[in-house]
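The values are calculated or read from the model by the stated rules, or taken from the named source; none is laboratory data. This structure is a prediction, so every number in the text was calculated from the model and none was measured. Here the Cβ is made from the backbone with ideal geometry for all residues, glycine too, and neighbour counts use every protein chain on show. Accessible surface is based on the protein model in full, side chains and every heavy atom, while ligands, DNA and RNA are left aside. Shrake-Rupley method; radii C 1.70, N 1.55, O 1.52, S 1.80 Å.
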Amino acid sequence: MMQPTTQPTVPGATREALPGTAPQTAPETVPETGPGALPETAQETAPGIVAGYDGSAQSRAAVEWAAAEAGRRGAELTVFRAWPWLGLNDPEAEESLDPAHSAELAELESLAVDLTSRHPSLVVFTRTGAGDPADALVAVAEHYDLVVLGSHGPGGLSGMLAGSVALAVAARAGRPVVLVREGTAPTPAGAPEVVVGLAGEESAAAVDFALEGAGRLGGRVRAVHGWDMVPLWSAVPGWVPPITDTEVQDTALREELSRVTAGLAAAHPDVELTVETALGGAGRAVLEAADSAALVVVGRPGHHLGPVAHAAVKHCLAPVAIVPHGA
């Protein structure tokens, strides 16, 4: 069973590091009472952002992005490390019996201290857990607003949290998951753009996430919808689409999607939202728009990643946020 703990880092691990809050001692290290459950003394630290870390370059990039996002949100950051097994360790022991485990714990604390030294107003906690990493992260995610994990490109080597584990968490977590690549995507000129895949009313959570993110970045949102003239499900001999004029169909789609997003746009009056439609498929539309994006957002129906999400994670240089419908 997973036995996570919550530990404040020093310096910068108390609430007095946050402007405008009363000084308060951070929670002590306490074993969890069940899978993914926060100890009572740590409940006040959530909601916030949790970033998975496994020592890889991809996970370090994820932690760095999470720290910047926590700063934009005025939120606390938890850096979480999971081990597939306990080995020689007693989860309630003050010191580890495994030298490798002790070294990894020291590395985790060093990372957190480094973050607080470079972000003096940021409150950083560390947590650890033993068990299946994907299960551990999915359980822990329930106590936070956002999960941030490393990602890698085609053919790239990855750490544990940048490969199948990251995809599994993105597919199962009840909270939005942002996957971050190692390295920096090209910074386009002008205001930052957040690109969101738009499928209809079911994309409301993803669009709202994109609007909030663009507001924090001081940017704009491009909601893109790609469509096909002949859907795969209707590939029947002799079948023809009811509207064969692509311009007419494209205009109708854009008007309907603008209507669907009008309420969300009104809730974020300071953020510009444009709706774009393109013939050629949803994945292609998102990838073409993502060339200049600071963040790419796609929705997630159910507990699986659809083809658009997979395409975005595989090809986009910008961080990709997977937002479950209704989150």
## Note on the structure
Surrounding charge for V275, neighbours by C-beta under 13 angstrom, Lys/Arg +1, Asp/Glu -1, total -1
### Message
Quick check on packing: order 128-134, 293-299 by the mean number of other C-beta atoms within 10 Å, highest mean leading.
### Response
293-299, 128-134
### Query
Just the accessible area for E109, please: 1.4 Å probe, Å², rounded to the nearest 10?
50 Å²
### Query
Going from most exposed to least, what order do R284, R181 have by accessible area with a 1.4 Å probe?
R284, R181
### Query
Considering only the other residues whose Cβ falls under 11 Å of the Cβ of I322, what net charge follows from Lys and Arg at +1 and Asp and Glu at -1?
+3
## Note on the structure
Measure of exposure for V50: accessible area at 1.4 Å probe, Å² rounded to 10, is 0 Å²
### Query
When Lys and Arg each count +1 and Asp and Glu each count -1, what net charge do the other residues less than 11 Å away from V260, Cβ to Cβ, add up to?
-2
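Would you mind getting the accessible area per residue of segment 277-327, heavy atoms of the protein chains only, 1.4 Å probe, in Å²? List each step's numbers first, then the result.
On the way: 2100 Å² over 51 residues.
Per residue, segment 277-327 has an accessible area of 41 Å².
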